[in-house]
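Below: the structure, in structure tokens.
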Amino acid sequence: MRASFTLILGLPLLVAALILPFVVADSYVVHSAAMVLYFAYMASSWNFVCGYVGQVSLGHAAFSGIAGYASVLLFTGLGLSPWIGMILGGVLAAAISVPVGYATFRLKGPYFTLTSIAFAEIMRIWLENTDEFLGIPLKGAQGLTVPPVGGTSFLAFQFDGKLPYYFIILAMLVGVMAATHVMERSRLGFYLKAIRGNRDGAEALGIDPTRYCLTALALSAFLTGLGGAYYAQLFRYINPERNMGIDLSIDMAVMTIVGGQGTILGPTLGALVLHPVGEMVRASLGGHVLGLHLIIYGVVLMLAVLYFPKGIIAPLQRWLTPASKTTAPQTTVTVATPKEVEGR
Amino acid sequence: MIRQILGGTLALAAAATIGLGPAALAPAHAQSQDVVVGFVLPLSGGSATIGNQTKLGAQVAAEQINAAGGIAALGGAKLKLIFSDSQSKPDIGASETERLIQRENVSLLVGAYNSAVTFPASEVAERYKTPWIVTGAVKDEITERGFKYVFRPNNKATYDAREQLDAMDLLKKETGKGPASIGLFYEGTDWGRSHAANIKKFAKERGYAISLDESFPPNQVDFTAQLLKIRASKPEALIVVAYTPDHLLFTRQYFENKINIPFGIHSVGGGSEDPSFYKAVPQKAVDYLFVQEDWQIDRLKTDTDPRVLDANTRFKAQAGYDINSYGAQGISNVYLIKDVLERAASTDRDKIRDALAATDITSGMPLIVGYQRIKFDEQGQNTFGHGVISENIGGERRTIWPSANRAADTKPVWPVPDWSTR
């Protein structure tokens, strides 16, 4: 049922994303679209654990920053290709996430959220105030720059045009969606949903909540890390404030929640609506009426949460799936499964 | 199934209307004879005050130029300024730069105060071969990348530090007296940390001992513990790096504690450049305070150039206070653009770039900030860019360094009097 819904909406989305840069051969649009995909990717990585476990983490930016810094430092210090640095950075983020998650997943609701903020803020403040750590030049709050190699080099993750960056993040987004799809159907996915539904009940059935939440968190941290490394390569600059700061964590959470958490396409829909809204009001009002664009963004956010508490994916799903009852009656059986009706 | 996918496509079309909104937004088409200049500035968020001061300064200068007949070499073309908000975020600054170049078809760009925004945003400009004039941002590397389209009239971070010690050296030469040790008290940010590092480097070269090296996280609520450290370490001069809220708190508490620092407090701007700072502290607390900023604060008292006075009248009418450092930089940037356009006689980006590279200004409104000259080296850095250091004497901020900017009747007070005799 949900797979087919994902396909119904996802396939045209993918086709549109693939042809967009060829239809609108304007690098501003391609750049903006790449930023939408980047936020969709980051939100999907956040959703990977938070959407399914039902705990709101506002510390995910730390994983993005850790991996971003690792990939840039490995490139500038050791000359290692950012592609490898990206993976190693993701692994480092995952490794750091485990002890953090071990301590924080015992807490529920606002306590989990608060400790996740504390963790990310401690990381950010430490990084901003550390010029050198074990001989590694972190350059504190100044941030790191990626030296241009000149021209296009696939190995160095540097391209002259915007198109390669666009398709890389598109591939990454499809990847994270596929991973979410597999996870949803795996033992891990069912365990997570059971934990979300009733943690004590799940535990009584023999599911170890800490273990499965940690597994999901490590995977999520790894994916978030890849996104952070991508950002560093796209802008050739990374600093603690933007790449580890709470703004990024909030963006990830808000886009997922507005789009529909615990779904494959929800985070992408959230990014697809919110990022352009932010961009549009900024472009039309940012220079004239001070701060008004931020207020409008906030109002859109409030309306979305007010009218689509389950995310904007919910009405789309209702609208697109009744037809499936006639064409594919066998899928209606799964409609009644608890995972569809349980509260989030 | 096909019908469903069609339905999905329909839903997508609705989303696309939103998604491609910015693309569909009709760019505000300038009249063909206008020269469109894009500004990327922090207009909301933490550094919004500064962004808006630069914006106002730029608007004032454009009003003056347009009223005086525009760009003569382009048949009286008017300057049209387009402002966009970076929100102090690197990615948004880069996206806005992309938009200004692609959508608004700007001839050149100015921005972006925050070094973290300027760094990636000016790279976008370089890629599109669109000239970018740096305003406010001091990060050294901005003009050390071998770029051809990035120009910085203002000073680098290293210049700021060097100038503070230059001023001490100058006063030492004039009076034979000077500090043996310097204390550093700075916020633990990009700005504070890099400034402290530069001071340490120059202090070592010039034989000043560093008696205190103390950083603090921004937005403190109490400086008592730090003031005890300052009192205990007895620096003979203290360099302070702080934005308005911390600078205010520090100044008040320092005043209450009456700590004697014989060669004074040397602030590298930030809070002490902010007009609201002086309204919020008693005059006695800022007596003999040395301030390094990119603007000659006493210029308005001595300058007789009617354009400077007119600019100040216009600025004050909107801001409620006299031109300050960031307002002056906005004015300077726009007059620099006028000079460049007169020489380029074209709105072509490459011709403007070449004219920028050939800039050599030794008089007039572009120098309102207090420089003697604007001339860029091959990296696009104005090597004549410098700050101006003032001392608060008798309730007035008087320029004391460089000596070329010092008024004849300004007598620096050095060393500063003890609290017991004030």
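The numbers here are math on the coordinates, done by the rules we state, and not lab data. Just so you know, these numbers come straight off a predicted model, no measurement behind them. No Cβ is skipped: glycine too gets one built from the backbone with ideal geometry, and neighbour counts run over all protein chains shown.
The table that follows gives values for the structure above.
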{"quantity": "Relative frequency of Cα-Cα separations exceeding 27 Å in chain B, percent", "calculated": "53 percent"}
{"quantity": "Using alpha-carbon coordinates, inclination of helix B:90-102 to the longest axis of chain B, degrees", "calculated": "50 degrees"}
{"quantity": "Shielding by partners - mean other protein chain Cβ count within 10 Å, residues of A:137-143", "calculated": "6"}
{"quantity": "About the Cα centre, charge dipole magnitude for the protein assembly as shown (Lys/Arg +1, Asp/Glu -1 at Cβ), debye", "calculated": "1280 debye"}
{"quantity": "Antiparallel content of DSSP bridges confined to segment B:263-422, in %, to 5", "calculated": "85 percent"}
{"quantity": "Within the protein assembly as shown, helix-based [θ] at 222 nm, where runs of 4 or more DSSP H residues each add -39,500 (n - 2.57), nearest 500", "calculated": "-18500 deg cm²/dmol"}
{"quantity": "Folded to 0 to 90 degrees: helix B:157-175 orientation relative to chain B principal axis, Cα", "calculated": "30 degrees"}
{"quantity": "GNM result for chain B, Cα springs below 10 Å: residue of B:Thr362, B:Thr130, B:Thr97 fluctuating most strongly", "calculated": "B:Thr362"}
{"quantity": "Kirkwood hydrodynamic radius of segment A:2-331, Cα pairs, Å", "calculated": "20.5 Å"}
{"quantity": "Residue order, fewest to most beta carbons within 10 Å, for B:Lys89, B:Lys78", "calculated": "B:Lys78, B:Lys89"}
{"quantity": "Residue (of A:Gly197, A:Thr115, A:Ile125) at the positive-pole extreme of segment A:2-331, dipole from beta-carbon charges", "calculated": "A:Gly197"}
{"quantity": "Separation of alpha-carbon centers, segment B:376-405 and segment B:151-225, rounded to whole Å", "calculated": "16 Å"}
{"quantity": "Calculated log₁₀ intensity ratio I(q)/I(0) where the Debye formula runs over C-alpha points of segment B:266-422, q = 0.09 Å⁻¹", "calculated": "-0.35"}
{"quantity": "Degrees separating the helix B:2-19 axis from the principal Cα axis of chain B, which is the longest one", "calculated": "50 degrees"}
{"quantity": "Alpha carbon convex hull of segment B:208-296, volume per residue in cubic angstrom", "calculated": "103 Å³"}
{"quantity": "Computed over chain A: relative contact order in percent, which uses C-alpha pairs under 8 Å that are six or more apart", "calculated": "29 percent"}
{"quantity": "Exceeding the 25 Å Cα-Cα cut-off - candidates B:Lys129/B:Lys156; B:Lys78/B:Lys316; B:Lys148/B:Lys338; B:Lys55/B:Lys411; B:Lys279/B:Lys316; A:Lys139/B:Lys201", "calculated": "B:Lys55/B:Lys411"}
{"quantity": "Peptides A:85-95, A:166-176 ordered by average Cβ neighbours within 10 Å, highest first", "calculated": "A:85-95, A:166-176"}
{"quantity": "Mean shadow area of segment A:118-196, taken as a quarter of the surface of its Cα convex hull (nm²)", "calculated": "9.1 nm²"}
{"quantity": "Magnitude of the charge dipole, chain A, Cβ model with Lys/Arg +1 and Asp/Glu -1, debye to 20", "calculated": "840 debye"}
{"quantity": "Per-bin percent of Cα-Cα distances, segment B:159-207 [5 Å]", "calculated": "5, 20, 29, 24, 13, 6, 2, 0"}
{"quantity": "Surface/4 of the Cα convex hull for segment B:74-195, nm²", "calculated": "10.9 nm²"}
{"quantity": "Peptide A:239-247, shielding by other chains (average Cβ, 10 Å cutoff)", "calculated": "4"}
{"quantity": "Antiparallel bridges, percent of DSSP beta bridges restricted to chain B (to nearest 5)", "calculated": "25 percent"}
{"quantity": "Projected area averaged over orientations for the protein assembly as shown, convex hull of C-alpha atoms, nm²", "calculated": "34.0 nm²"}
{"quantity": "Beta bridges per DSSP with both ends in the protein assembly as shown, % antiparallel, nearest 5", "calculated": "35 percent"}
{"quantity": "Among B:Glu236, B:Glu104, B:Glu144: highest mean-square fluctuation, GNM of chain B, C-alpha pairs under 10 Å", "calculated": "B:Glu144"}
{"quantity": "Cα pair distances exceeding 26 angstrom across segment A:38-154, given as percent", "calculated": "26 percent"}
{"quantity": "Residues A:Thr76, B:Thr189, B:Thr175, B:Thr54, sorted so that the one with the fewest Cβ neighbours within 10 Å comes first", "calculated": "B:Thr175, A:Thr76, B:Thr189, B:Thr54"}
{"quantity": "Kyte-Doolittle at least 0.5, axis length at least 24 Å by Cα - qualifying DSSP helices, chain A", "calculated": "A:2-23, A:27-53, A:61-78, A:82-104, A:109-128, A:163-185, A:209-235, A:266-285"}
{"quantity": "Sorted by Cβ density within 10 Å, fewest first, the residues B:Phe250, A:Phe39", "calculated": "B:Phe250, A:Phe39"}
{"quantity": "Partner chain coverage, peptide A:268-275 - average Cβ within 10 angstrom", "calculated": "2"}
